[in-house]
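Have a look at the structure below before the remarks.
The values are calculated or read from the model by the stated rules, or taken from the named source; none is laboratory data. Because the structure is a prediction, the values reported are computed rather than measured. Neighbour counts run over all protein chains shown; Cβ positions are idealised from the backbone, glycine included.
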Amino acid sequence: MSTQPFPPDLPLSDCLEAARLRIQVSPEELTEARTRRDAIGAALREEFPGSETYASGSVAHGDALTPLTDIDLGVVVVGVDAQYGPGKHGPAYLQERAAAAIKRRLGPAYDDLRVEFRGQKRAILVRFRDPVTPGQPDFTADVIIALDNPYGQGLFIPRYDSWDRSDPQGHTRLVHEANSASQVAYARVVRLVKHWNRRHDRPLCSWNIKALALGCITEPMPLLDGLRRWFQHAAEQVVAGDTPDPAGVSAPIKLNKDRREVVRLLRGAAEAVERAQAFEAAGYRCLAQDEMARLFNDEEMFPAPNPERVRADSADRQRRRQGSDSLAAAWGVEVARSRPAVRAWGIS
């Protein structure tokens, strides 16, 4: 059953705040996810003594959505640089050791635990077969085996049987700085955009959404203004090309869909937010709600307003526009009648 519509006169900012809270990950989900993440981290540090683990992804960045279905973490393995890295051995044996350690430590608590690394592009995939959120099919963890990069910024992370450069720790630092500078507007706008992305067949990956937000959500701002700014900025940047890595280490971030289609979606979303703001400014809050409901396409998160009220407001708006057009036309006639005749220059 869908959520009840918002009161027709509720300000759009209040509607959006309520919608945001509906998609925010719950404390119970976060607690359980962190418990599992910590257990994996302990297994990795035990297997690779002296190594450092780090958290990444939505839970670490503070923008996780409900239902929460996965976590991300990595381990920077020390003492193996002479054998592993670009031009040396690939990550397979280290991944095999990590997978076995995770099975040993977590297997007794999760009867149907599955740990997969063969054929994976980057991460060891941990399938708990035990969802954190009721009603979900599973909960997973992506575990990255990383090496320190002695030649520059960031880490070396797996790419099948070789290595790529990346800076997941730097990414997390940039996100935390943006959250602080914007007084959490960054995380809240990102969460709303991630939900929009889910409801439109994921044209962008989550990291692309966050990387784009680093360029435009840089100060405290209302959610509605932040959404409009993000969609406008994202459309401009996607037209220009793939999003550069904010840390300046990895390759640019690829789109999940055709560029023209992504730009069309982003521009359409920006226009929808602008229309919603214009409707509210003109006193049509019900029409503003209808625009936002269409934008998010999720009755549970942002329900559509009463259709009869939408039709009534649309009709009233149309009558007012027609009245204004008639008045403007009549005023133009009066001005023309009162204007003195002027002889055209140079014509006798």
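Taking the range 12-59 as the range and being over 17 Å from residue 73 (Cα atoms), touching a strand residue (DSSP E or B) at 6+ places or on another chain (Cβ under 7 Å) and part of a helix (DSSP H, G or I) as the test, only 23 passes. The residues of the range 147-167 that are within 11 Å of residue 95 (Cβ to Cβ) and either charged (D, E, K, R) or touching a Leu at 6+ places or on another chain (Cβ under 7 Å) (or both) amount to a single one, 161. Of the residues 230, 207, the single one that is in contact (Cβ under 8 Å) with a residue 12 or more places away in the chain, out of contact with any Lys or Arg (no Cβ under 9 Å at 6 or more places or on another chain) and crowded, with 22+ Cβ neighbours inside 10 Å is 230. Every listed requirement among (1) under 18 Å from the mean Cα position of the chain (by Cα); (2) surrounded by fewer than 19 Cβ atoms within 10 Å (Cβ to Cβ); (3) of a type in the set (D, E, K, R) is met by residue 271 save one, (1). With respect to the stated conditions, residue 99 fails to be within 22 Å of residue 52 (Cβ to Cβ), in contact with a Lys or Arg (Cβ under 8 Å, 6 or more places away or on another chain), crowded, with 17+ Cβ neighbours inside 10 Å and not acidic (Asp, Glu).
What number of residues within the range 267-285 satisfy the criterion of being assigned to a helix (DSSP H, G or I) and either of a type in the set (D, E, K, R) or without any contact (Cβ under 8 Å) to a residue 60 or more places away in the chain (or both)?
Kept after step one, since they are assigned to a helix (DSSP H, G or I), are these residues of the range 267-285: 267-281, 285.
Adding the requirement that they be either of a type in the set (D, E, K, R) or without any contact (Cβ under 8 Å) to a residue 60 or more places away in the chain (or both) leaves 267-268, 270-275, 278-281, 285.
Final tally of qualifying residues: 13.
The single condition among (1) under 21 Å from residue 179 (Cβ atoms); (2) surrounded by 16 or more Cβ atoms within 10 Å (Cβ to Cβ) that residue 94 does not meet is (1).
Listed by first and then second residue, the pairs linking a residue in the range 66-80 that is assigned by TED's automatic domain parsing to the domain that holds residue 154 and without any contact (Cβ under 8 Å) to a residue 60 or more places away in the chain to a residue that is of a type outside the set (Ser, Thr, Tyr) and surrounded by fewer than 22 Cβ atoms within 10 Å (Cβ to Cβ), with Cβ atoms under 7 Å apart and 6 or more places separating them unless they lie on different chains, are 79/50. Looking across the range 129-165, just one residue is farther than 21 Å from residue 79 by Cα, surrounded by fewer than 21 Cβ atoms within 10 Å (Cβ to Cβ) and touching a helix residue (DSSP H, G or I) at 6+ places or on another chain (Cβ under 7 Å), and that is 133.
For the range 177-204, enumerate the residues that are surrounded by fewer than 17 Cβ atoms within 10 Å (Cβ to Cβ) and part of a helix (DSSP H, G or I). Across the range 177-204, the qualifying residues are 177, 180, 181, 198.
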